[in-house]
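Report on the structure given below.
We did not get these values from a lab; they are worked out from the coordinates using the rules stated. This is a predicted model, so every value here is computed, not measured. Cβ coordinates were reconstructed from backbone atoms using ideal geometry, including for glycine residues, and neighbour counts include every protein chain displayed.
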Amino acid sequence: MRLDRRIWHALREQLMRLKRLRLRIGRRIEPRMAALERRFSAERVSLIAQVLPEGDDRPLILLPVSNPASVAHLARVAAAVAETRGGAVVALYVDRAPGEDDREPPAATELSRWPALPQALAALREAGVPAGYLVLRAANVGLAMRRAAQRLGADVIVLGWRGDPDDVRPEDARLATPLRAVLEYPPADVMVVGGRGAHLPQKVLVPITRGRDNRLALDLARGLTHETRHVTALKILPSEARLAEVEAAAAQLREVLAQLGAEGMGRLVLRAESRAEGILDCVQRGYDGVVMAAPHEPLLERMLFGKTQLRVASASSVPVVVVKARSSALVYLGRRLWRMAYNRLPELSEADRKLVESDIRASADPRIDFFMMIGLSSAIAGFGLLQNSPAVIIGAMLVAPLMSAIVGMGLGVVEGDLPLIERAGSAALRGALLAILVGALLGLLRPNMDPIPSEILARTRPNLLDLGVALASGAAGAYALSRKEVSASLAGVAIAAALVPPLVSSGIGIALRRLDIFLGALLLYLTNFVAIAAAGGLMMLLLGFGPSSEAEVELGVLRRGVQTALALLLVVALALGFLTWQTLRLAGTEQVGRVVEEVLQREVGLRTYAELDAIDRLEVPTDPAAPIVVGVTLKMPAQVAAEYEYPIARDLRNAISATTGRPVELYLSVLPTRRLDAQSIPPTPSPTHTASPTASRTPTASRTPTASRTPTASQTPTA
């Protein structure tokens, strides 16, 4: 438990460091982006008049005004926000009329030139908040609002919206629409006030979304009502959600409010066909205002407001406030790149999109034709791999229909169509298993395959370059399937994708009982599969495909699909990165080994008394600090071997170390040699026979008998 807690704290600290780094980078880039925007913008913004409130340290609320009929309501909203934050309000008017710049503040009577401006100032003074005004002249109102917010350092921008959907749709060609110019890259927190009614809401509904602006929505809702208890957080579930899911959502909502510091707010969990219908139905229960967070997913939602926000703001009978937090410079750069790519791609009509969808769905359907072509292409690829024939393998790539099934999965993710994802995924999975089975059966035809054909080995060592090829192939395949004008390029795309040969190679690895071949080829196929599905889905988004309904279920499938694709891409990239790193390290050691061999041949060749017989041992560790181990056998004349063997060993070791820059352990074996001249060999003398007398045999003396013991005389008796 303690170890898990330490790991959790370490991960949390790393995430906080990454967040601080992103903020620092954003703060450094943002002024430069603003300067570039001012430099390269063709429109000119001129200052006409300004009277700013006193105090530089208080928060500033920027209130652009233009329509006298709605300015009083917007001014009351801005005053409520300023009162909550202890700030001041600056009313902004952008004059499009041509004329000379008037840089002196006009008199109060001259404000009648801009009718909305004096009405806004009167409403702000009536609310009792410090107020000022700023008048600019520009042809592009949106650019002028951005410049004013950047110059003043505004905290919040309060905008009005008349309910025209063309103001917020990115498909609209009028890129200079003021509302869109601010919402695409908010220089400050933005409040867009729409709906009907000109009163400050007293009982506010705040739908909780997956975005990161929930805190801002709750804070601004409390500022409008001045009472936390008059704000209700709403969580909407699909109509088919079960009771257990409702209870889990209620608990999750309670935790979210606790994290946002809004425990005293009301909570409501509702089931509905769509989020928009749920919000509109809930408004009828006595709420007189809605505060919603705008989505930060233009790539997914394809709306600056989002479909739900747009529908609620258009149909609601009460004021609706859509809020969006300021964006960092990095987010702005990403969105600009996305817009550039989106605007430059051809746009498909509704009829063309339906035709493409029908074709892809039919191609991804797992019918008998699909499996027949998979089996035949696998057989062709298998024979080509066994024969080591690239031409036959290319023919198999042209026949295989796996590409359509994988692109179908990408289309299903983009449109949030779960049945299409399941059907296309099932077709791709069963087709892959069939290809592996065919490869295993063909591998049994050559059970003792030695050596392994190079075409098989080439598909067992994937790297990051293969991932790049697969990403480009997926995008090209989706584009070719969507654009009939370039459908002839599908053959080249199929060759580049190369889906069937890795599967067949994996099956051959099973037949040969080679785990390295099986896993390596399977990893290459998975790389192609994930990359083609992800890149194909992205291309479908760029071409205008997307969820056809406002239901939360389809949007949820889209989000989860994108998250899953990104996670799988990350896993595959990490695996390929590791393999690429290993390959580079191995290539580095092989390069060092070749350098050592060249040094030995050069140094020994410079010495006339030595000859390189063999390199017995050569070990190059991957660790640069570890010594290179070299074993060498030299031939040297016997008469000089004792004199030169140690000096030459020292010289060889120093030369290798100086060339490679690494320590060296050298083991030298010397074979003493003797040089003979075959032309001057003296004749070998024949042996001389020497006569010698033969000695006669000398007789051997016989054994001398041993004398027996002489008896001793007895004592003579005495008389």
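With a Förster radius of 45 Å applied to the beta-carbon distance between residue 629 and residue 446, the computed FRET efficiency rounds to 0.70. Taking amide H as placed 1.01 Å from N in the peptide plane, residue 292 has its amide H under 5 Å from the amide H of 321, 322, 323, each at least 5 places away in sequence or on another chain. Of the peptides 260-272, 315-327, the ranking by mean beta-carbon count within 10 Å, highest at the top, reads 315-327, 260-272. Placing R0 at 22 angstrom, the Cβ-Cβ distance between residue 582 and residue 657 gives a FRET efficiency of 0.25 after rounding to 0.05. Using the Cβ-Cβ distance between residue 113 and residue 254 with R0 = 41 Å, the FRET efficiency computed as 1/(1 + (r/R0)^6) comes to roughly 0.15.
Each principal axis of region 346-546 carries a Cα extent, and these read 57, 33, 26 Å when sorted largest first. Taking 0.36 nm per residue of separation and subtracting the Cα-Cα distance, what length does fully extending residue 595 through residue 669 add? Value of the extension gain: 24.6 nm. With the simple model of a label 7 Å out from the Cα in the direction of the Cβ, residue 602 to residue 139 spans 6.8 nm.
Residues 581, 114, 161, arranged from fewest to most other Cβ atoms within 10 angstrom of their Cβ, appear as 581, 161, 114. 7 Å from Cα along Cα→Cβ at both residue 516 and residue 57: what's the point-to-point distance in nm? Taking the simple label geometry, residue 516 and residue 57 are separated by 7.0 nm. Less than 5 angstrom separates the built amide H of residue 670 from those of 634, all sequence-distant by 5 or more or on a different chain. Label positions at residue 314 and residue 398, each projected 7 Å from the Cα along the C-beta direction, are separated by 5.0 nm. The fewest-to-most ranking of 636, 540 by surrounding Cβ atoms within 10 Å reads 636, 540.
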